[in-house]
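> Here's a structure for you.
We did not get these values from a lab; they are worked out from the coordinates using the rules stated. Note that the coordinates shown come from a computational prediction; the quantities given were computed from them, not determined experimentally. Cβ placement follows ideal geometry from the backbone for every residue including glycine, while neighbour counts extend to all protein chains displayed.
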Amino acid sequence: MTPEQENQIRESFDHQSMMTTFGASLDDLTPGTCRISAPILDGNQQQHGFGHAALTFGLGDTAAGYAAMSVMEPGHEVLTAEIKISLVSPAKGYRLIAEGTVLRAGRRLITVEAKVFAKDAGENRLIAVLLGTMVPVKPKPTAT
């Protein structure tokens, strides 16, 4: 991944208002992988005090998307075509960590997965697994 690609991804992340609302940070980025984390804020909890599934899904989808973007040519982006989530445990803890990975990068489709963990008392517990498909999007031509 070139410095240009990494800068593009970090700038894109900084423009995601939902990630800002979640208090999320882009913690690690390497070719084919991305790790994003966010605190489980009071406003992101469901009625039982666990992190809301929307928080879990948003972090997992975003980590998978940026993992896909990390294997694209500079300037290209991706959109989620479909993504499935399996919630395997309640999001109990104080922080969620989403790790996105590219499983296969094709010209027209990029298969991705993400695992989301809840950090609680120093332990990271798997709470969700996502599997999806990202579609490469060519950059818009610049006006002259």
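> Using θ = phi - 60° and the Karplus curve 6.51 cos²θ - 1.76 cosθ + 1.60, what whole-Hz ³J(HN,Hα) does each residue of segment 62-78 get, with Gly and Pro shown as x?
Per residue, the Karplus-derived 3J(HN,Hα) values read 5, 4, 5, x, 6, 4, 5, 4, 5, 9, 8, 5, x, x, 7, 10, 9 Hz.
> Here's another thing I want to ask about it. For the chain, how many pairs of lysine residues have a Cα-Cα distance under 22 Å, where the two are 8 or more positions apart or belong to different chains?
Numbers: LYS84/LYS92; LYS84/LYS115; LYS92/LYS115; LYS92/LYS119.
Counting lysine pairs in the chain gives 4.
> Hey, got the dipole for the chain? About the Cα centre, +1 on K and R Cβ, -1 on D and E Cβ, debye to the nearest 20? Mind showing how you got there, number by number?
Values: 13 positive and 15 negative charges, 77 e Å.
Using Cβ point charges on Lys, Arg, Asp and Glu, the chain gives about 360 debye.
> Averaged over all directions, how much area does the convex hull of the C-alpha atoms of the chain cover when projected, in nm²?
Numbers: hull surface 35.8 nm².
Taking the Cα atoms of the chain, their convex hull projects to 8.9 nm² on average.
> Using only Cα atoms, tell me the angle between helix 3-14 and the longest principal axis of the chain; keep it within 0 to 90° and round to the nearest 10.
Between the helix axis and the principal axis of the chain, the angle is about 50 degrees.
> Another one. So if each residue of separation counts as 0.36 nm, and I subtract the Cα-Cα distance between THR2 and SER25, what length gain in nm does that give? Show your work: numbers first, answer last.
Details: separation 23, 0.36 × 23 = 8.28 nm, distance 2.06 nm.
Between THR2 and SER25, full extension yields 6.2 nm more.
> Would you compute, from DSSP H runs of 4+ residues alone, the mean residue ellipticity of the chain at 222 nm, taking -39500 (n - 2.57) per run and dividing by the full residue count, rounded to the nearest 500? Present the calculation step by step, with values, prior to reporting the outcome.
Values: 3 runs with 35 residues, N = 144.
Result for the chain: -7500 deg cm²/dmol, rounded to the nearest 500.
> With each pseudo-label sitting 7 Å past Cα toward Cβ, what's the VAL137-SER12 distance in nm, one decimal?
A separation of 0.9 nm, rounded to one decimal place.
> Please report the spacing between the Cα centers of segment 1-60 and segment 80-144 in Å, no decimals.
10 Å
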